[in-house]
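Undergrad: Please see the structure below; I have some questions.
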Amino acid sequence: MGEPASVAERRRDDWPIPWFEVPDWRGRYGVVAGVTGRGSAEHPFDLGLAGSAPIGAVLDRWRAVQRAFPGFEGTVVARQVHGRVVLWHDRRQGWTIFEGADGHATSTAGLLLAVSLADCVPIFVVDPVRRAVALLHSGWRGTAAGILESGIGELTSRGSHPENLAVHAGVGICGACYQVGPEVAAACGAPAVGSDPVLLDLRLAIARQAREQGVGTISVSAWCSAHDHGSFMSHRASGGRDGRMVALLGLVP
Ligand SMILES: [Zn+2]
């Protein structure tokens, strides 16, 4: 039981949008998996639907995201509430915004699952045997609430076996950059002593949960949204001024 593998998403300079892909997953699992980047300093690739950016420009960028993955005929996203609700999707048609959920799951190829982020961790779950995927938004509240357990449950209730699953905790804030109160660390199952602030490595907490669930393959991103702020959106590193990037996961048709 060592540390989970550290894997850096690969920047794709050949892509029409700022895009960092989980290496090898396309070839190994037949999925699109990755996270959008920050974009240029003058033109941040802000996909935040509830932020301060003009909504017309935000919608144009979402359309660019859809066009960047030919063969995908639908995208689902939700207004996120830091809970543990995961929605199952069977339809791949158009672009749909759901209300009040922090995860999506499907076995339908050609549907892109999306979660929006700026320090919270995107959790990618793939079952290459049953050809099913789940994508989860997991900040400390979601981690404490058990969003990963909920997402894995969506897959196992449809026949997936945990040992066949690959879980990647993607680009988010790292353990050196995320200072929290001891009650927050404790809620995520991390060690905390006394009342002093502590550094919380959310992705290690998530990897620990994945191991407890019996997941066969576990990795964590080598990137940090905060100290790699030049490449990603970070709520903390920007003092709340940044917009949102999105993680995407889908079964290639
Ligand atoms: Zn960091």
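Undergrad: Leu202 versus (1) without any contact (Cβ under 8 Å) to a residue 40 or more places away in the chain; (2) within 15 Å of the ligand (Cβ to nearest atom); (3) of a type outside the set (Val, Ile, Thr): which is the lone unmet condition?
TA: (1)
Undergrad: A follow-up question, please. Select from segment 121-131 the residues that are in contact (Cβ under 8 Å) with a residue 40 or more places away in the chain and more than 12 Å from the chain's Cα centre (by Cα) and write down the one among them that is surrounded by the most Cβ atoms within 10 Å (Cβ to Cβ).
TA: Among them, the one singled out is Val126.
Undergrad: Another question, then. Sort out which residues of segment 91-120 are touching a residue at least 40 places away in the same chain (Cβ under 8 Å) and of a type in the set (A, V, I, L, M), and write them in order of number.
TA: Within segment 91-120, Ile97, Ala105, Ala109, Leu111, Leu112, Leu113, Ala114, Val115, Leu117, Ala118 meet the criteria.
Undergrad: I'm checking my understanding of the structure. Among residues of segment 59-89 that are of a type in the set (Gly, Ala, Ser) and touching a helix residue (DSSP H, G or I) at 6+ places or on another chain (Cβ under 9 Å), which one is modelled with the highest pLDDT?
TA: Gly83
Undergrad: Looking only at residues in segment 159-177 that are in a strand (DSSP E or B) and within 16 Å of the ligand (Cβ to nearest atom), which one is nearest to Val125 (Cα to Cα)?
TA: Ala169
Undergrad: From the list Ala105, Ala118, Ala101, Ala53, exactly one residue is over 16 Å from the mean Cα position of the chain (by Cα) and closer than 27 Å to His235 by Cα. Which is it?
TA: Exactly one of Ala105, Ala118, Ala101, Ala53 is over 16 Å from the mean Cα position of the chain (by Cα) and closer than 27 Å to His235 by Cα, namely Ala53.
Undergrad: Could you list, in sequence order, the residues of segment 1-12 that are of a type in the set (D, E, K, R) and either buried (at least 17 other Cβ atoms within 10 Å of the Cβ) or at pLDDT 95 or above (or both)?
TA: Glu9, Arg10, Arg11, Arg12
Undergrad: All but one of (1) crowded, with 23+ Cβ neighbours inside 10 Å; (2) under 18 Å from the mean Cα position of the chain (by Cα) hold for Ala185, so report the exception by its number.
TA: Condition not satisfied by Ala185: (2).
Undergrad: Also, quick follow-up: So, in segment 178-199, how many residues would count as being in contact (Cβ under 8 Å) with a residue 24 or more places away in the chain and within 16 Å of the ligand (Cβ to nearest atom)?
TA: Adding up the residues that qualify gives 3.
Undergrad: Here is a follow-up. Counting only residues that are surrounded by 23 or more Cβ atoms within 10 Å (Cβ to Cβ) and within 16 Å of the ligand (Cβ to nearest atom), which one in segment 227-250 is farthest from Cys174 (Cα to Cα)?
TA: It comes out as Met245.
Undergrad: Of all residues in segment 52-83, how many are farther than 16 Å from Trp15 by Cα and either among the hydrophobic types (A, V, I, L, M, F, W, C) or surrounded by 16 or more Cβ atoms within 10 Å (Cβ to Cβ) (or both)?
TA: Selection size over segment 52-83: 15.
Undergrad: Looking at segment 229-253, which of its residues are in a strand (DSSP E or B) and farther than 13 Å from Asp119 by Cβ?
TA: Val246, Leu248, Leu249, Gly250, Leu251, listed by residue number.
Undergrad: How many of the residues in segment 214-223 are part of a loop (DSSP other than H, G, I, E, B) and away from the ligand (no atom under 16 Å from the Cβ)?
TA: Qualifying residue count for the region: 3.
Undergrad: Follow-up. Considering each of Ala226, Ala205 in turn, give the residue that is within 23 Å of Val167 (Cα to Cα) and in a helix (DSSP H, G or I).
TA: Answer to the selection: Ala205.
The values are calculated or read from the model by the stated rules, or taken from the named source; none is laboratory data. Here the structure is a predicted model, which means the values were calculated and not measured. So basically every Cβ, Gly included, is an ideal-geometry build from the backbone, and we count neighbours across all protein chains shown.
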